[in-house]
1. Counting only residues that are among the β-branched types (Val, Ile, Thr) and buried (at least 24 other Cβ atoms within 10 Å of the Cβ), which one in the stretch 237-260 is modelled with the highest pLDDT?
2. Which of the residues spanning the stretch 112-169 are out of contact with any Phe, Trp or Tyr (no Cβ under 9 Å at 6 or more places or on another chain) and basic (Lys, Arg)?
3. Could you check Ile333 against (1) crowded, with 17+ Cβ neighbours inside 10 Å; (2) outside any loop (DSSP other than H, G, I, E, B); (3) among the aliphatic types (A, V, I, L, M) and say which number it fails?
4. Taking the stated definitions as given, is Gln112 surrounded by fewer than 18 Cβ atoms within 10 Å (Cβ to Cβ), without any contact (Cβ under 8 Å) to a residue 12 or more places away in the chain and part of a helix (DSSP H, G or I)?
5. Being open to solvent by 30 Å² or more (accessible area, probe 1.4 Å), touching a Ser or Thr at 6+ places or on another chain (Cβ under 7 Å), within 27 Å of Ala162 (Cβ to Cβ) and not hydrophobic (A, V, I, L, M, F, W, C), is that true of even one residue in the stretch 41-48?
6. I'd like the full set of residues that are in a helix (DSSP H, G or I) and touching a residue at least 40 places away in the same chain (Cβ under 8 Å), limited to the stretch 2-36.
7. Going residue by residue through the stretch 290-304, is there one that turns out to be open to solvent by less than 10 Å² (accessible area, probe 1.4 Å), assigned to a strand (DSSP E or B) and under 16 Å from His344 (Cα atoms)?
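The values are calculated or read from the model by the stated rules, or taken from the named source; none is laboratory data. Note that the structure is a prediction, hence the values are computed from the model and not measured. Because the Cβ atoms are built from the backbone with ideal geometry, glycine has one as well, and the counts that use them run over all protein chains shown. Each accessible area value is taken on the protein alone, full model and side chains, heavy atoms only, with ligands, DNA and RNA left out. Shrake-Rupley method; radii C 1.70, N 1.55, O 1.52, S 1.80 Å.
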Amino acid sequence: MLDPPWPLFEAMREHGPVFEVPGMGAYLRTRYEDIHHIVMNPKTFSSELEFGTGLSFLPSTPEKEATLAKGGYRSVPTLGFTDPPVHKRVRAAVQKGFSSRRVRQLEGVMQQLCDEIIDNLDPNNVVDYAQQVALQLTVMVIGEALGVAREDRDRFNRWADAVLQRLGEQITEEQDLQLIGEYVDAELYFTELIARRRKERTDDLLSDLVYTQEESDDPIIDEELMSIVSLLPVAGSRTSAGLIGMAMHYLVEHPYDLARVREDDAYLAAVIEETLRMQSPIQAWFRRATVDVELGGVKLPANSRLLVAFASANRDEREFGCPAEFHANRDNIREHLAFGRGAHLCPGAALARAETRIATRTCLSRFASVRMAPGCEAQYHPNLVHRMVGHLSLVVTAMEDDPQTYPGAAQSRCGSTQMTLPNAATT
């Protein structure tokens, strides 16, 4: 996908709101009105899709199926890949794990982990905020909620990458087999954690999911539980990490807004919403037409696969005035579709907003100055369905140092945490 894709989306909204993606067998939808209609009408636009092996549109092979079977569970669709009544039952289990009480509890964990991360940053080196703060925090938070040991966080990260790569990137058959191996590793790991929770209940998200099977009148089955838990490494980390990184990227490029955010929590909340609208961590997702249907003057046959571009809808000039401009004071600021809408509204939306608020607030309260490193630009990770800053190289200044400026660094290495800056006392 082009980076950034905004000019392409703008042209398509104007001239071709329905576009068949070459080689993908999917019709891309770009206008807000159409996409809102699609997500609010699951009977006509189903979330049940045909996959190859696991969550991938690549063709299935006996070797892939044999590798996936080593995890011990058959692959079943859940959450974003089901329709009612299955979706209602599965979502009820997940929603319990993301209840208001659980999110409040996790906010305390977020703050502790964020403080720990900030404590370990070195103001004398360039800080890669995307990797060292945004990604590390979100991986640690969801890992903590699922009971993943700290020494296993690198594995946890790989599991999340495997899901994203198979869903939204072009990969070879050999790479696909390796990524399926990461699925299997995740399943075996969580099989052991789930068995422990069944022996001894703990006060965490994983126990919430496990014990819904005992406490629900219409419980999820074991395969659904494993599918949910295996998806949480990516669903619980990458979307939030994308939002955290992109919000900070905007602020360091707009000092007036950054200064205002330091003093105004309500303005920070508005900045988070406008970042969601303008950047959309989930850029696009899939639906399937259940009947012959006409959209934007184009007739689509039943079983057509649709790629609904939330990122384009959120910049539709028919819905948002001056959509390419950042305005945190919009009257309809929460009308964006970044977290979906209707039955498939993201259950982790409150958690993502809280993580972004805590990460941004903590960073700005601990550092007197936060700015882009000299000669560096934000590096975005290309993916069809997901948008996030891969690297965001920042210069941060501890409160006690508080210099006004840093001289340029002749040997800056963007995206690296090894670039040493002049000592604050000499500037």
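1. Top of the filtered list is Ile244.
2. Within the stretch 112-169, Arg150, Arg153, Arg158 meet the criteria.
3. (2)
4. yes
5. Scanning the stretch 41-48 turns up at least one residue that is open to solvent by 30 Å² or more (accessible area, probe 1.4 Å), touching a Ser or Thr at 6+ places or on another chain (Cβ under 7 Å), within 27 Å of Ala162 (Cβ to Cβ) and not hydrophobic (A, V, I, L, M, F, W, C).
6. Trp6, Phe9, Glu10, Met12, Arg13, Tyr32, Glu33, Asp34, Ile35, His36
7. Within the stretch 290-304 (the criterion being open to solvent by less than 10 Å² (accessible area, probe 1.4 Å), assigned to a strand (DSSP E or B) and under 16 Å from His344 (Cα atoms)), the answer is no, since none of the residues qualifies.
Conditions (1) within 20 Å of the chain's Cα centre (by Cα); (2) under 23 Å from Ala26 (Cβ atoms); (3) not in a loop (DSSP other than H, G, I, E, B), marked per residue:
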position: Lys43; (1), (2), (3): no, yes, no
position: Glu50; (1), (2), (3): no, yes, no
position: Pro59; (1), (2), (3): no, yes, no
position: Gln95; (1), (2), (3): yes, no, yes
position: Pro123; (1), (2), (3): no, no, no
position: Glu151; (1), (2), (3): no, no, yes
